[in-house]
Amino acid sequence: MLVFDAGQDPLKVLIADDNDSDRMILQAFVKKQGHIPINARDGQEAVELFESERPDIVLLDALMPVMDGFEAARVIKGLAGENMIPIIFLTSLQDADSLARCLDVGGDDFLSKPYNRVILQAKITAFNRMRLLHSTVQAQRDQIVLHNEQLMHEQEVAKKVFDNIAHPGCLQASNINYLVSPMAVFNGDVLLAARKPSGGMLVFLGDFTGHGLPAAIGAMPTSEIFYGMALKGFSMQDILKEINNKLKKILPVGVFCCGCMVDISFRKEIAEVWNGGLPDCFMYRAEDRDSEPMPSFHLPLGVLGGISFSAETHLYEMKHGDRIFLWSDGIHEEMDENEVMFGNERLMEVFEENQDPALVFDELQQAVRDFTGSTLQGDDHSIVEIQSVPEDGLIENVSGYAADYKSGPKDWQFTFRLGASSLKSFNPLPLMIHILMEVPGLRAHSGKIYTILSELFNNALEHGVMGLSSELKSSSAGFAEYYQKRQDFLQTLDDCFVEFELDHKPLECGGILKMVVRDSGKGFEYNNKTNVKKAALNKSETYCGRGIPLVKTLCRSVQHSEGGRAVEVVFEWRIEG
Amino acid sequence: MIGSPQDHVDSVMLDELKEVMEDDFGILIDTFLSDSEIRLVDVKTAYDELNSKKLRESAHSLKGSCSNVGAAKLADICKHVEELGRVNKAEDAGQLIKDILSEFEVVRVILKEQV
């Protein structure tokens, strides 16, 4: 770091003047001020002495033999490069053209004849101050360049770590369109998408406050929690709570994450949405071209601690072909040349004028481009479109998960019995899926196993323990009533249980997983295969036929026993690929 | 008419030079005088040759060094000669050159007395 000090150290002052007496006078002036004079008789000599002596300030006579002052100034400025070497022209020239020429060739000031000692010394002092300021600025600039390089390097490293944690999940799926900057994480944006073991899809768009590394740091645990929990079949409420608690714990006050999470069930054609602080997201329906806003009902993630946080979601019907749009506030805040923001109304117009829902995503980008008059860089905003499609044919998560280990539990059994208080508030599926996924090779079947277990568990809890009738679910009004009753019942549970009995035996290339689910309910009339057939015939029954037809397609056998209080299924699997 | 030395040389400037130059003041005066003699020859030759450009340059140079030792009147005559050179009228400089030569002799005497 340079100390800013106006000339305590003596300076080397190059004096170039062909007139001996004039040079002697200048030399005496410079010496008297405590500096070191270096004498040159013409321009050529001045250039040579400049190279060998590296003076701090140069005094140049304009008119000299061999090489005049103008030429010498040009050469010296060239040799000085980035360093500031003040050149003061010595001249009795008076006409404006000559003086302008002095400045054109790189001169910084003039000193006219007769020389005045006070003025010369003041100029030397002033230029020395400027010279020091210049080197300070230069040194600081170099330091900034260095810091910037280091910052860029650190960001690249951080980006790599982030990419390893936040693998693309299923963002490549054919029903997702998105636009984010490759370095979006440093703008605070994070976009995550995962297939659920049950077949649905979870998508999260987050926008952290701030920029750079501070904004990126929160994205890492968010992504890790999201993928880890989604894989194990945790509900979006549980995932949101976990992310919220984590962010609340690690982020400083004032740093938080506006975000929107969407859980799409392609089979049931519904979307569950939680929006905390992002601008209104939209459901765009293919049939009537209606766009329904999905506003934020919550504070951003990482603001409220523990029980104050609400993971309450909103349900939206989402038929195949319907689309959900999520965006960070960047798109609203795009400005035209008059600094007017793009805003929500212009966004709405795009939906209103749309003729083909498949084109909305492109039309949105085009509208912003037309508005700002420049290309959408995706630098400051993220936008994602998710379409509801039939579940078949959607790709699974693009890996990022390590391949199964060769070792792991292969022959085992366990019984897991949940009492009333557990059933009120605890979802046992993620825990059991977690154990099952330790079986080498079984991970590839996690979706099927999750579906089977969740159907059996819900049957045992809702129909067995609570005795709810599945008939209710056949109308949409009944559907709501059913869930209300379920909710009410849960709170009154007392002295009941649901028990899982899992047994796994390895085969040469796979295994046999036997799952028994037993409940404390009244049981039901099960011994009628015709019911199952009827269920298959009656479309609405696929909703309310205790999910058994679906389970049947996935398992080798399904057997009810113990008066309908127990069901045993056998799932046989082979190692894939 | 020689008049007072103050009409020819600025004594305040001279005193200041003496102070700054200290022991070298004598050398400065000698250097100035011998230098100027060479430049006077240049000025006279340029006039003899009616070379306006050369006249302008040599008068300009002499003017500079004269002013630096406080010989204001001499510098002033040089300035007129330089101007004639600039407007291409070297032939009109005859009288001014005679003035330069005589003024220089006065200045020489005054400066010598200072050493």
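Counting only helices (runs of 4 or more DSSP H) that fall entirely inside segment A:182-251 and contain at least 1 residues that are modelled with pLDDT of 90 or more and open to solvent by 10 Å² or more (accessible area, probe 1.4 Å), the qualifying elements are A:219-231, A:236-250. Flag not set for residue A:453, criterion: under 25 Å from residue A:260 (Cβ atoms), at pLDDT 85 or above and not assigned by TED's automatic domain parsing to the domain that holds residue A:339. Checking each residue in segment A:329-350 for being touching a Leu at 6+ places or on another chain (Cβ under 9 Å) and either at pLDDT 85 or above or open to solvent by 90 Å² or more (accessible area, probe 1.4 Å) (or both) picks out only A:350. Only residues that are open to solvent by 10 Å² or more (accessible area, probe 1.4 Å), farther than 26 Å from residue B:49 by Cβ and either assigned to a helix (DSSP H, G or I) or within 11 Å of chain A (Cβ to nearest Cβ) (or both) were counted in segment B:74-115, giving 6. The set of residues from segment A:269-298 being touching a helix residue (DSSP H, G or I) at 6+ places or on another chain (Cβ under 8 Å) and among the basic types (Lys, Arg) comprises just one member, A:289.
Comparison of B:37, B:16, B:22, B:57 shows that the only residue that is within 13 Å of chain A (Cβ to nearest Cβ), part of a helix (DSSP H, G or I), on the phi > 0 side of the Ramachandran plot and acidic (Asp, Glu) is B:22. Going through (1) under 20 Å from residue A:386 (Cβ atoms); (2) surrounded by 14 or more Cβ atoms within 10 Å (Cβ to Cβ) one by one, residue A:356 falls short only on (2).
The values are calculated or read from the model by the stated rules, or taken from the named source; none is laboratory data. Please read these numbers as outputs of a predicted model, since none were measured by experiment. Cβ sites come from the backbone with ideal geometry, for glycine too, and all protein chains shown count toward neighbours. Quick note on the areas: whole protein, heavy atoms, side chains included, nothing else; ligands and nucleic acids left out. Shrake-Rupley method; radii C 1.70, N 1.55, O 1.52, S 1.80 Å.
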